[in-house]
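Working notes, structure below.
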Amino acid sequence: MRPTMIAVSVLALSALLLAGCTAAAPEPSADASTEAPDTQVPEDDFTPVLARTLSTPRPLPATDGLVHIAYELFLSNVTTQTATIESIDVIDGDGQSLLRLDGDAAVPWMRVMGATAPGRVIGPGQGALVWLDVTVDAGTELPESLTHDIAFSFEPGAPPIITDQMTERVASVEVDQAEPVVIGPPLKGAGWLNGNSCCAVTPHRGAVNAINGAFHAPERYAIDYVRLDENGSFLSGPVDELESYPYFGADIIAVGDGPIVSMRFDLPEQTPGANPTGLTLDEYGGNHIVQDLGDGVYAFYAHLQPGNPLAVEVGQQLKKGETIALLGNTGNTDSPHLHFHLMDSPSPLGSNGIPFVYDSFDLEGQITAQELDERIAAGGPFTLDEADAAAEKDLYPIWLTVTSYPE
């Protein structure tokens with residue numbers, strides 16, 4: 001039976017083909033187009049390491065004379081090979097490189113998920129975060145878009161699809177051309193050291209949280225403020241006593257007009273000199289105020305003194321320049337300071353940071369990262385470089401600057 005069936009099938013197929021070849025072709029209609037369709041088929045590129053930005057980059061004019069475009073990439077190695085980052089190039093819309101990290105220069109700017117030590121090796125199935133700080137001179141044209149050429153080496157390779165060396169062009173993104181939010185300062189007086197902020201990978205910049213099923217970077221532009229005395233120190237006694245910090249209890253000032261949408265004032269002061277343990281997620285900010293500034297922008301004032309000393313209330317309409325709280329040492333803190341940032345939702349952790357500038361302040365100078373690292377435990381003293389001291393407006397005080405705000 002099987003040979004007979006095959007023969008019949010072949011004969012039937014031959015008959016159909018013969019009919020198709022010999023039947024008279026229909027006359028083309030008068031309006032039928034004889035031109036080939038103008039369809040461009042893009043060339044496909046295999047990208048064994050996927051990449052995406054965590055949010056839309058926005059420009060930030062700062063006191064160093066540069067406009068910073070600070071954002072993050074998330075990389076995901078979808079292969080069974082080990083991928084090592086060899087270089088990262090950030091390319092503008094004209095094909096010009098605005099930032100390049102070669103080899104180990106990328107290590108301080110990245111973190112491999114699950115790794116216990118710094119590095120640029122992304123294992124099979126692993127992800128990595130890369131922090132980027134693209135800068136252009138103030139007054140020059142900003143890039144409209146950015147893309148990324150990332151070179152990898154793979155071990156082992158799997159040619160011809162995965163070769164030993166590959167370069168991917170990935171994660172093209174538009175640059176938001178909106179101006180940063182202009183606000184007043186959250187403090188008064190001189191000597192306020194910005195000890196932790198944008199745009200290096202400081203603890204704030206590096207605080208990308210896995211919240212509600214997604215990555216969030218609420219502290220991208222957050223600032224930690226301590227106040228230096230005339231000797232350049234913020235500590236004047238035993239490190240574990242609140243009275244040793246002369247600025248403890250300083251007035252916290254509303255940076256703009258808008259209502260309080262949430263607050264907390266029931267947490268006790270921490271003993272300074274060490275990081276607390278056992279905090280729940282909602283205790284990290286300590287006592288705090290979240291203020292709605294309008295247009296989807298929220299201000300977060302954190303580590304405030306307990307007891308609500310200014311007797312503010314949820315729903316209260318705050319006015320710019322109004323004293324709203326006192327500087328404390330509550331929550332996740334090892335010394336009294338004000339933590340301040342702007343964000344795109346009322347959630348202090350489950351939001352993304354928004355760039356901001358202060359409308360008026362004096363830049364007193366800045367210290368070095370090396371000196372901060374060497375003397376932070378002792379509270380100083382720090383040497384202030386006053387070369388760039390000036391009255392400023394509509395700028396962000398970059399990391400390590402010391403600023404003075406109107407009384």
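The values are calculated or read from the model by the stated rules, or taken from the named source; none is laboratory data. Treat the numbers as computed from the prediction; the structure is a model and nothing was measured. Virtual Cβ from ideal backbone geometry, glycine too; neighbours counted across all protein chains shown. The area values use the complete protein model at the heavy-atom level, side chains included, leaving out ligands, DNA and RNA. Shrake-Rupley method; radii C 1.70, N 1.55, O 1.52, S 1.80 Å.
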Inset, instruction - Decide, for segment 188-343, between rounded, prolate and oblate: order the square roots of the alpha carbon gyration tensor eigenvalues as a ≥ b ≥ c, take rounded if a/c falls under 1.5, and otherwise choose prolate if a/b is larger than b/c, else oblate. - result: rounded
Legend entry - Set of aspartates and glutamates with alpha-carbon distance to Lys393 below 15 Å, sequence-local pairs under 8 removed: Asp64, Glu179, Asp359, Asp362, Glu364
Inset, instruction - Calculate the dipole size of the chain relative to its Cα centre from +1 charges on Lys and Arg beta carbons and -1 charges on Asp and Glu beta carbons; express the result in debye to the nearest 20. - result: 1360
Inset, instruction - May I ask for the distance between the Cα centers of segment 125-179 and segment 328-407, given as a whole number of Å? - result: 29
Legend entry - Around Ala190: net Lys/Arg minus Asp/Glu count, Cβ-Cβ under 12 Å: -3
Inset, instruction - Before anything else, pin down the relative contact order of the chain: Cα pairs under 8 Å, at least 6 apart, normalised by residue count, whole percent. - result: 16
Inset, instruction - Just order 116-122, 59-65, 159-165 by mean Cβ neighbour count inside 10 Å, highest at the front, would you? - result: 59-65, 116-122, 159-165
Inset, instruction - List the relative contact order of segment 269-404 as a percent without decimals, with contacts defined as Cα pairs under 8 Å and 6+ residues apart. - result: 23
Inset, instruction - Mind checking which of Gln317, Val402, Asn231 is farthest towards the positive end of the chain's charge dipole, using Cβ charges of +1 (Lys, Arg) and -1 (Asp, Glu) about the Cα centre? - result: Gln317
Inset, instruction - Could you state the orientation-averaged shadow area of the convex hull built on the Cα atoms of segment 190-260, in nm² to one decimal? - result: 7.4
Inset, instruction - Take the Cβ-Cβ distance between Lys319 and Arg169 as r, set R0 to 41 Å, and report the resulting FRET efficiency rounded to the nearest 0.05. - result: 0.25
Legend entry - Peptides ranked, highest mean first, by Cβ atoms within 10 Å: ranges 231-244, 328-341, 352-365: 328-341, 352-365, 231-244
Legend entry - For Rg/Rh (Cα atoms, Kirkwood Rh), calculated from these coordinates, the label among (i) 1.19; (ii) 1.01; (iii) 0.96: (i)
Legend entry - Probe 1.4 Å, accessible area per residue of segment 146-282, Å²: 44
Inset, instruction - Provide the per residue accessible area, probe 1.4 Å, for segment 88-133, rounded to a whole number of square angstrom. - result: 47
Legend entry - the chain - percent of accessible surface contributed by carbon and sulfur, probe 1.4 Å: 53
Legend entry - Positive-end residue, segment 242-379 charge dipole about Cα centroid, Cβ charges, pick of Ala274, Leu338, Ala302: Ala302
